[in-house]
1. Can you name the number of the only condition in (1) closer than 30 Å to residue 45 by Cβ; (2) among the charged types (D, E, K, R); (3) modelled with pLDDT under 90 that residue 85 fails?
2. Working only within the range 49-83, note down all residues that are more than 27 Å from the chain's Cα centre (by Cα) and not in a loop (DSSP other than H, G, I, E, B).
3. If you check residue 130 against the conditions, is it open to solvent by 40 Å² or more (accessible area, probe 1.4 Å) and polar (S, T, N, Q)?
4. Taking the criterion of being crowded, with 16+ Cβ neighbours inside 10 Å and outside any helix (DSSP H, G or I), would at least one residue in the range 10-28 satisfy it?
5. Would you be able to tell me the number of residues in the range 91-109 that are touching a residue at least 60 places away in the same chain (Cβ under 8 Å) and of a type in the set (S, T, N, Q)?
6. Tell me which residues, restricted to the range 44-67, are touching a residue at least 40 places away in the same chain (Cβ under 8 Å) and farther than 14 Å from residue 14 by Cα.
7. For the range 52-61, which positions are at pLDDT 90 or above and either charged (D, E, K, R) or open to solvent by less than 80 Å² (accessible area, probe 1.4 Å) (or both)?
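The values are calculated or read from the model by the stated rules, or taken from the named source; none is laboratory data. From a predicted model like this one, the values you see are computed outputs, not experimental measurements. A quick note on method: Cβ atoms are made from the backbone with ideal geometry, for glycine too, and the neighbour counts reach across all protein chains shown. In case anyone asks, the SASA skips ligands and DNA or RNA and just uses the protein heavy atoms, side chains included. Shrake-Rupley method; radii C 1.70, N 1.55, O 1.52, S 1.80 Å.
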Amino acid sequence: TPGAQQEDYAEALSSLQAGVALAARANPSVQVEVLVHKADTLGDEVKFDAQRDVHEAMTVELAAARLAVPLRVFVTSIYDHSVYEALSKVVQRVNRQLPLLQSALDHLLSKSVGDQAFLVDALSKLYVASDSSPVDGPTYELCSDVVDVVVDVGHIYGARGAEGGAAPAESGAVIGLSNGSLVHLQPVGRHTVLVAVMGDRVRRRAGLLSANFCAFRETVRALMPQERAPGPAPGEGSPGTPRA
């Protein structure tokens, strides 16, 4: 019933406030991420209101307790990509290499005439970095679905490894969209892939695009040594800078 739901909401909010206050007193530098889950039954306007209400209630309570806590609130659901997008932003907040990775993605797009790009952990589908343009929700959903398809096909038809299927980083793909754009998925490291949406004009610049992908791969592996594969990926070139 609405009354019971309101009581549950108030109780959950009170517990959250107490938990965050306790954490802030134990560690004044703590950063808090709040996920308001099961939002699939709410309309877009109600989702925004719920996000704002939780953030305001937490801010007021923490201010009253004289606690300054960086706080972000996300409204999520397992029935769409909102939970992946929210967790991606949580992961990025603790990624010290994020500014450099974002700059590398911007540079790749500017040299390759691309629209949007993500560096994605293929196992979790979280993007550890994106270019500096605002993330378009439908574009991220599309890129996430492409990762799913390529990983599934790789596991079924790829060379078998220790885990019983092809590693995500061994598979690549180029998928054409009905609007003429292309989605490029290229291996980067052991578990990461680059997914970029680019215009049809890149079809005439395949060699340049391949060189830029190789340069980007080397940049990422230098920033994230754990992503270095045991051997060179097919078509991998020497380190370099994306070319215009």
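1. Exception for residue 85: condition (3).
2. 57, 60, 61, 62, 63, 64 - these are the residues of the range 49-83 that are more than 27 Å from the chain's Cα centre (by Cα) and not in a loop (DSSP other than H, G, I, E, B).
3. no
4. no
5. Of the residues in that region, 1 qualify.
6. Once the filter is applied, which keeps residues that are touching a residue at least 40 places away in the same chain (Cβ under 8 Å) and farther than 14 Å from residue 14 by Cα, the range 44-67 yields only 67.
7. Matches in the range 52-61: 52, 53, 54, 55, 56, 57, 58, 59.
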